[in-house]
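I have placed the structure first, in the form of structure tokens, so that the comments after it can refer back to it.
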Amino acid sequence: MQKRPMVVVVGGGIAGLEAAANLAERGVSVTLIERESQLGGNGLTVCCKAIDGVCQLCGGCLLAERLSSAGSLPLVQILLETTVARFDRTNGGFSVSLSGANAPQDPIVADAVVVATGFDHVDAHTKGPYGHGILPMVTTGEEMERRLRLEGQGAYDGLGAARVAFVQCVGSRDEHAGRGYCSQVCCRYAVRLARLLKARNPELQVSIFKMDIQNGGRDFAACWQAASSDGIRFVAGLPAVVRRSDEAPAAATFIYDDILGGAVAREAFDLVVLSVGMQPRSDAPQVADALGINLDRFGFFAAGDDETSTLVSGVFVAGSCQAPRSLAESAAHARSAAEACYRYVTERRQPTPVSKDVAVFGGTPEGRRATQELLDLGYAVHWIALPGDAPQALPEHPHLTFLADGMPARVSGHVGGFRITMGRNGDARALTASAVVVATGNARAAALPKKGIASASRVLNLGQLAARLDAPRDTGAAVAHRNLRVLMVLDMERAAGAEMTAEAFALAERVRREWRSEVYVLYRDLLVDTPGMEAATRRMREQGIVFCRYDDGAVMADDEGVAVDYVEGRLAGDLLVIPEAVRPRDETAALAALLKVTVGEDGYLQDVNIHQLRPGITVRRGVFAAGRCHADLSPADAEADAVQAAASVDALLGAGVLMPEGAVAEVDSAKCVRCLTCVRTCPHAAVEIITMDDVTAAHVSELACWGCGACVGNCPVQAITLNDQTWPAWMPAVQ
């Protein structure tokens, strides 16, 4: 009998629990090690921030859901108050020696290891001028969440007309402290907490002191837009010092530089909440040394392009031990790590071959990158550019088929056997693929403000600016712009977003370097929560590029010049650059309908669902999303996302076999009445009506089924069951 694979998961927070559950559901034995006396990690402090029953998509409920099922996973052994004493490599696996109250005497022999040790909160005491631990009215976001979780949402009721201040970036974006990165979660939890307090105390005066609100992400956009409507005040500037108020000893006085007001201000608050950031765990160096894996420049565990594998074969990282992540993002990352780990421990166990043909839709940079990665991994790729795409060609390759201006007429089949019909009637061409990658990108539109300026010769978008920069250096359009003043205005009608901000930064550097021009970047909130963006702003300032914050200042442009009003007055220039607005492509929704996958309310691929957040993994097995068709990503991150999509394809097909996802639904054709309820309710398009052996009935493709049980629960005649499971005894069977 074949031995069941064994994996050790280190860490019992949301990432460790999610990785353990995912592996166990695939038939892998798991030993979960947690150093504390209970599971949950830092997620135990996160509260639900729903307002009047309306979810704010904070993810606070995710850990409770996973904890409730942790003890019922039959293949998972949980060892609390246990730590790893030693790792040794043995016969291609690992010998893991443990210590602690519940540690077994003998080492555990494992095929692989998943490290999910989490993070530490930045110690607010290190920000001495803010008075945490000294002034009783100063608390942290973590402490506020902990109290709300323990006492309920009414913990801060009765504040009345009190003045509450949230202070952002406490410990983040601080190069001097070795944390020159954005922690990504602080703006999200602060705005959600502020909205919750305001909803329960309508007279409350809430102010958020910020450098830049990181308002990206499809799960946060609506919350951010609603915050100002709720009456929450955003102040551009951080306090230099927080002191006890002389007038009211129970209050704290802020002294801060009001950037938009152009003066040093003093203001009193009854409650101060410090939004502390995330940092690597203090024991990360010891864990890295024991396993032989690397740390990145900030002290998080370093990973490969797929963000889960390490330099040591068989060791994977999951969650916020690899980079700052929210609960939902950590759970999603853990699922990716579990999939990579599962493939590693089973790839030599299944000899059944499977076709390694993949269809990639989108002549975009991320489509090109996904195609190249898949070719490098040994796949045969049908690269299909959609109408309007202008793809950069790839070198000829014996396993590459390129189709231009292609939109499929029909898609049928399932994972391992998709059938794609290109063209119609006499021009029809059939393709087969085991998996599909959607990399259609997004669309752009002019973002000129609704009021203030009309299109003028001195007003450019990023595409037009790039074209002028690409013109011949000694002749043509480039000559006239040298040594001029260029004003680049972000956030005109809406937040610029990660893609436009990154592209604007890159072009600003080119203008400074190639035209020797003065460059001013005007903004409301700089988006720096993607890797490298914080460092980019520092580099740009060193090059002489000036960043200026503006509020609602007027923008003027005509054929004589341009000008923008900002906090210190009017800034005149020679060129005005306004990034385009981005929106979903029409082709994305059409392609999603053909592939039977979902789009969100915002028109991008995949629903915004924190309970099943799996970036790049659609609701249909074998269909993946890459790049800007499902997320707001910088150009570099879009290509990195394409690499991740290719890795996900390889995790599915690379072992040369497709296996069902654990439990699979089965239909008793004798009971089926062909009502189509299962076809309509299956979220994974795994059910169809077919005729087999002269019997027409519903049929579930076992390779496409995810075992969710939706069809089982909705079948009116109980004709469907999950294999190896039966109807509960308390539920009467349909005769």
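Bear in mind these aren't lab numbers, they're just calculated from the coordinates by the rules spelled out. A quick note: this is a predicted structure, and the numbers were derived from the prediction, not measured. Backbone-built Cβ (ideal geometry, glycine too); neighbour counts: all protein chains shown.
Summary table below
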read-out	value
Spatially near lysine pairs across the chain, Cα under 22 Å, sequence gap of 8 or more or different chains	5
Net length gained if the chain between Ala64 and Ile255 were fully extended (0.36 nm per residue, minus Cα distance)	64.7 nm
Karplus 3J(HN,Hα) series, Hz, for region 370-378 with 6.51 cos²θ - 1.76 cosθ + 1.60 (x for Gly, Pro)	4, 4, 4, 4, 5, 4, 5, 7, x
Helical contribution to [θ] at 222 nm, DSSP H n ≥ 4, -39,500 (n - 2.57), averaged over the chain, rounded to 500	-7000 deg cm²/dmol
Gln105/Ala636 FRET efficiency (R0 60 Å; Cβ-Cβ; nearest 0.05)	0.75
Loop sites in region 169-268: GluC sites (Glu not before Pro), DSSP, at most 13 other Cβ within 10 Å	Glu203, Glu247
Computed FRET value (nearest 0.05) for Asp405 with Val673, which takes r as the C-beta separation and R₀ as 45 Å	0.50
Extension gain, Arg570 back to Glu247 (0.36 nm per residue minus Cα-Cα distance, nm)	112.5 nm
Region 444-582, dipole about Cα centre (Lys/Arg Cβ +1, Asp/Glu Cβ -1), debye to the nearest 20	280
For Val623, residues with placed amide H under 5 Å, excluding near neighbours	Val436, Thr618
Separation of alpha-carbon centers, region 1-21 and region 77-125, rounded to whole Å	11
Added length on full extension, which subtracts the Cα-Cα distance from 0.36 nm per residue, Glu396 to Asp123	92.8 nm
Euclidean distance of C-alpha centroids, region 378-441 and region 235-280, integer Å	57
Unit charges on C-beta of K, R, D, E only; dipole of region 541-686, Debye	1260
Relative contact order of the chain, defined on C-alpha pairs under 8 angstrom at six or more residues apart (%)	11
Among [x] 26; [y] 19; [z] 36, the entry that matches percent of Cα pairs over 50 Å apart as calculated here	[y]
Selection of GluC sites (Glu not before Pro), region 516-566, meeting DSSP coil and at most 15 other Cβ within 10 Å	Glu560
Loop-resident sites, region 591-693, for GluC sites (Glu not before Pro), counting at most 15 other Cβ within 10 Å (DSSP)	Glu601
Percent RCO, i.e. relative contact order, over region 124-278, from Cα pairs under 8 Å lying at least 6 residues apart	33
Pairwise label distance in nanometres, Ala430 with Asp289, each label 7 Å out on the Cα-Cβ vector	6.3
Estimated vicinal HN-Hα couplings, Hz - region 17-25 in sequence order (Karplus 6.51, -1.76, 1.60; Gly, Pro = x)	5, 5, 5, 4, 5, 4, 5, 4, 5
Within region 673-692, backbone nitrogen closer than 17 Å to the virtual label 7 Å beyond the Cα of Ala593 toward Cβ	none
In Hz, Karplus ³J(HN,Hα) per residue of region 511-525 (6.51, -1.76, 1.60; θ = phi - 60°; x = Gly, Pro)	4, 5, 7, 8, 9, 6, 9, 6, 10, 10, 9, 9, 8, 9, 9
Charged-residue dipole, Cβ positions (Lys, Arg, Asp, Glu), region 124-278 about Cα centre, Debye nearest 20	300
Theoretical FRET efficiency, 1/(1+(r/R0)^6), r = Cβ-Cβ of Glu493 and Thr421, R0 51 Å, to 0.05	0.80
